[in-house]
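Trainee: Before I ask anything, let me first share the structure, which is written out below as structure tokens.
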């Protein structure tokens with residue numbers, strides 16, 4: 001079995017004349033905690049949307065666990081948290097999670113037990129049956145994390161999971177993500193919080209203007225005793 | 001396939017969550033009962049006495065379909081934009097759901113719900129007629145099923161337009177398409193009716209223009225449904241049966257939605 005979870009091979013994505021992603025190639029191993037960094041508009045979210053098959057690359061290929069990302073079966077074992085996770089307003093957190101469980105093939109008691117399990121992981125027990133319109137941003141994000149954890153995914157794609165959260169919310173989400181590391185899940189994190197990435201990730205890539213400018217282990221990136229922030233600023237301002 | 005059914009089921013359940021759905025259903029059924037005065041009225045058309053209940057119920061039958069076409073257009077115009085705005089589309093497509101399953105599930109769910117709603121109203125009408133006359137006219141049931149094809153057409157048309165246009169404009173365009181069909185086919189039927197034939201006996205009836213034969217035939221489907229209730233002969237326009245015409249348009253429009261949605265960015 002392959003030890004590689006994600007392969008991006010010369011991936012380019014154009015929106016009209018704009019090259020949002022420019023010939024990006026890299027691999028992420030199974031169990032790796034990878035962070036994709038970059039300023040706004042660097043192309044990070046475009047890569048995530050391509051990983052999920054929401055958009056197709058203009059050229060190049062993406063495979064997840066050996067399966068092209070455009071195929072439905074590539075998403076069988078993926079959990080995804082969007083930046084500012086949205087929950088349909090007419091659903092409660094519980095109903096939303098039950099739908100996720102149903103969409104991956106769980107039903108009846110199995111689905112309910114799985115939902116109860118993930119609700120507990122994100123500390124939302126007792127609040128999961130409220131309508132999502134009554135949730136704070138942090139609560140919605142927790143439900144988002146819970147939805148991504150349903151069915152024990154092999155790959156978690158986190159797009160700015162702590163965006164807009166208060167420090168307590170950020171801490172809580174970080175703790176949840178930290179516990180996931182013990183389960184050897186591959187994590188693809190798109191984040192602006194460099195200090196968090198420095199603490200939690202194994203590898204990182206810095207993207208700027210659609211290109212990968214650095215990709216290495218966190219230790220190697222900060223080899224000269226610089227902080228990740230210093231390295232980030234240096235690469236982004238140099239280009 | 002399983003996912004498609006699941007999404008259709010979610011669509012129905014989500015629409016039925018709204019209290020306004022039940023309120024609308026209750027008001028509609030209530031109105032049908034309130035209109036019972038119409039059934040015992042005397043109608044004279046073209047100097048001939050018309051049997052009151054049969055005539056009134058057929059008019060009301062058509063009015064229900066018109067109301068349902070309006071309701072379907074209002075529901076359909078928001079399907080894709082609402083899903084994009086509230087995260088539903090991301091919820092479905094980040095899971096092992098194919099795009100065609102999502103699209104078909106949404107359209108079929110809307111169609112089944114509105115057809116069910118319409119069927120309930122038609123069933124109420126059927127029951128009223130039955131209780132008044134003691135005659136079981138199963139034509140109402142058949143006619144309701146026939147008219148549901150028009151609802152699918154409306155849902156598919158509005159959904160197709162909504163991929164390019166704002167929701168409300170899409171609904172207006174679809175209504176425009178429907179109105180043109182009504183004027184064209186209604187006009188054609190009127191011009192070829194007995195009264196006009198008597199008045200213009202010297203002018204031979206001209207064959208319909210090609211566009212009239214191929215234009216979506218909702219009016220003719222309605223006329224066909226009416227003929228099932230009145231048990232009269234149905235005369236359409238051209239060699240293609242209106243049901244075949246509308247089903248072909250349904251197939252074409254749904255295929256177009258699937259092709260366009262497949263390439264759409266989420």
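Trainee: Run through the DSSP bridge list for chain A and note the antiparallel percent, rounded to the nearest 5.
Mentor: Antiparallel bridges: around 55 percent, rounded to the nearest 5.
Trainee: For helix B:52-76, what angle does its Cα long axis make with the longest principal axis of chain B, in degrees from 0 to 90 and rounded to 10?
Mentor: With rounding to tens, the tilt is 20 degrees.
Trainee: Related question: Please report how far the C-alpha centroid of region B:91-138 lies from that of region A:66-91, rounded to the nearest whole angstrom.
Mentor: Their Cα centres are 30 Å away from one another.
Trainee: With chain B treated as a Gaussian network of Cα nodes joined by springs under 10 Å, which of B:54, B:87, B:187 yields the largest mean-square fluctuation?
Mentor: Most flexible of the set in this elastic network: B:87.
Trainee: Once both labels are modelled 7 Å past Cα along the beta-carbon direction, what's the residue A:59-residue B:172 spacing in nm?
Mentor: With each label placed 7 Å out from Cα toward Cβ, I get 4.4 nm.
Trainee: Please report the spacing between the Cα centers of region A:134-171 and region B:201-266 in Å, no decimals.
Mentor: 50 Å
Trainee: A follow-up question, please. To the nearest 10 degrees, how steep is helix B:139-162 against the longest Cα principal axis of chain B, on a 0 to 90 scale?
Mentor: It is inclined by approximately 40 degrees.
Trainee: Please report A:208, A:192 as a ranked list, fewest other C-beta atoms within 10 angstrom at the top and most at the bottom.
Mentor: The order, fewest Cβ neighbours first, is A:192, A:208.
Trainee: On average, how many beta carbons from a partner chain sit within 10 Å of the beta carbon of a residue in A:85-92?
Mentor: Average per residue, whole number: 5.
Trainee: How big is the gap, in Å, between the Cα center of region A:98-118 and the Cα center of region B:54-80?
Mentor: 38 Å
Trainee: Further question: With only alpha-carbon atoms in the gyration tensor, what are the semi-axes of the equivalent ellipsoid for the protein assembly as shown, in Å, largest first?
Mentor: The three semi-axes for the protein assembly as shown are 58, 26, 17 Å.
Trainee: Normalised radius of gyration for chain B, please: alpha carbon Rg relative to 2.2 N^0.38 Å, two decimal places.
Mentor: Output field value: 1.11.
Trainee: Here is a follow-up. Would you mind ranking B:76, A:107 by Cβ crowding within 10 Å, fewest neighbours first?
Mentor: Placing the least packed residue first, the sequence is A:107, B:76.
Trainee: Taking all pairs of distinct Cα atoms, average 1/r, flip it, and tell me the Kirkwood hydrodynamic radius of region A:114-239 in Å to one decimal place.
Mentor: Result for region A:114-239, one decimal place: 16.0 Å.
Trainee: Would you calculate the separation in nanometres between label points at residue B:192 and residue A:230, each defined as 7 Å from the Cα along the Cα-to-beta-carbon direction?
Mentor: Placing both labels 7 Å beyond Cα along the Cβ direction yields 8.7 nm.
Trainee: Using alpha carbons only, how many degrees (0 to 90, rounded to 10) separate the axis of helix A:228-238 from the longest principal axis of chain A?
Mentor: 50 degrees
The numbers here are math on the coordinates, done by the rules we state, and not lab data. As the structure is a prediction and not an experimental result, all values here were calculated from the model. All Cβ positions, even for glycine, are placed from backbone atoms using ideal geometry, and neighbour counts span all protein chains on display.
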